[in-house]
1. Would you confirm whether or not segment 41-60 contains a residue that is out of contact with any strand residue (DSSP E or B) (no Cβ under 7 Å at 6 or more places or on another chain), modelled with pLDDT of 80 or more and within 30 Å of PRO174 (Cα to Cα)?
2. Can you find, within segment 97-135, the residue that is nearest to THR157 (Cα to Cα) among those that are buried (at least 20 other Cβ atoms within 10 Å of the Cβ) and of a type in the set (Asp, Glu)?
3. Output the number of the condition that ASP229 fails; it satisfies all remaining conditions of (1) out of contact with any Lys or Arg (no Cβ under 6 Å at 6 or more places or on another chain); (2) not in a helix (DSSP H, G or I).
4. So the check is Cβ under 8 Å with 6+ separation or different chains; which pairs have a first residue in segment 160-177 that's closer than 17 Å to ALA295 by Cβ and touching a residue at least 40 places away in the same chain (Cβ under 8 Å) and a second one that's surrounded by 17 or more Cβ atoms within 10 Å (Cβ to Cβ) and among the hydroxyl-bearing types (Ser, Thr, Tyr)?
5. Has segment 60-69 got at least one residue that is within 18 Å of THR271 (Cβ to Cβ), in contact (Cβ under 8 Å) with a residue 40 or more places away in the chain and assigned to a loop (DSSP other than H, G, I, E, B)?
6. Please work out which one of (1) out of contact with any Ser or Thr (no Cβ under 7 Å at 6 or more places or on another chain); (2) on the phi > 0 side of the Ramachandran plot is the condition GLY265 fails and give its number.
7. Check LEU48 against each of (1) in contact with a Cys (Cβ under 9 Å, 6 or more places away or on another chain); (2) not assigned by TED's automatic domain parsing to the domain that holds LEU154 and name the one condition it does not meet.
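The values are calculated or read from the model by the stated rules, or taken from the named source; none is laboratory data. If you're wondering where the values come from, they're calculated on a predicted model, not measured in any experiment. We place every Cβ from the backbone using ideal geometry, glycine too, and count neighbours over all the protein chains shown.
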Amino acid sequence: MTTRLTAADFDPEVLKLFDQYVHGQLSRRDFMSSAGRYAVGGATGASLLAALAPSFAAQQVLPTDPRIKTVYVEYPSPQGYGKLRGYLAMPAAAKGKLPAVLVVHENRGLNPHIEDVARRLALDGFLAFAPDALFPLGGYPGDEDKARDLFGKLDQTKTRADFVAAARILKTHPNSNGKVGVVGFCYGGGIANYLPTVITDLAAAVPFYGSQPPAAEVAKIKTPLLIHDAEKDERIRAGWPAYEAALKAAGVKYQYYVYPGTEHGFNNDTTPRYDEAAAKLAWQRTVDFLKSHLAS
């Protein structure tokens, strides 16, 4: 049986370098060169990168799970790229209207992990829709590095308009109760922070380690927020003091949790940065929060 690697198996500096690589601040070659300085026991920069890369082999809810229904759908998005495509999941035995949740991926598009997250929400009784921001460029390519490169080519003004359109689609979907929340991770966490600044009737927003909106935009937020951050995520946490001050000044309802000892991406169970205890706690808080704000 293979022992699963965790963040504790890597030098903290390697994890910082990996975060820079994932977010486009460091090239693949520079990561391997820099990380190689911390390699021990025959490891190399290349082997460290391979060890930190996601593996989609195990999923919490299989696509074939009979308790849910899933389908890929397309919708028009006149203000965005013109057309949205995403993954829609709902309980198979649903009766009546469902609370709706928009699921926003990281900076790699709609990969198998985010589809799994949508299925988890469906099991908890939600209508979940996970759009693929990369659809205008051909969709998630099945390779994380290629996906990351494609992501940098998106027109973010159009991409953000697509996510606004997706929220509106969920609000009027035949299976929706009309109450929409958003949960997003990394890039998607930034979108989860952004959408309440432009959608006044968004019922709930749950950003996981996402970038914060400009302080001047925070006064527009009418949506209750549940914000999850990782203790060791210096890049994201650096923006928290200004965001918190703006939230308080605007009287926005929010809950903020920092998970001790965790790295950016701690909820993503496909990589060694995953922290099982923190992820389970954050996810339970997320589901409870969404249910409390999206119930009919």
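1. yes
2. ASP132
3. (1)
4. LEU170/SER176
5. Residues of segment 60-69 within 18 Å of THR271 (Cβ to Cβ): 60.
Then drop every residue that is not in contact (Cβ under 8 Å) with a residue 40 or more places away in the chain, which leaves 60.
Filter once more, so that each one left must be assigned to a loop (DSSP other than H, G, I, E, B): 60.
The answer is yes; a qualifying residue exists.
6. Tallying (1) out of contact with any Ser or Thr (no Cβ under 7 Å at 6 or more places or on another chain); (2) on the phi > 0 side of the Ramachandran plot, GLY265 fails exactly one: (1).
7. (1)
This table checks each residue for (1) crowded, with 20+ Cβ neighbours inside 10 Å; (2) closer than 16 Å to GLU74 by Cβ.
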residue: THR157; (1), (2): no, no
residue: ALA166; (1), (2): yes, yes
residue: GLY178; (1), (2): no, no
residue: PHE185; (1), (2): yes, no
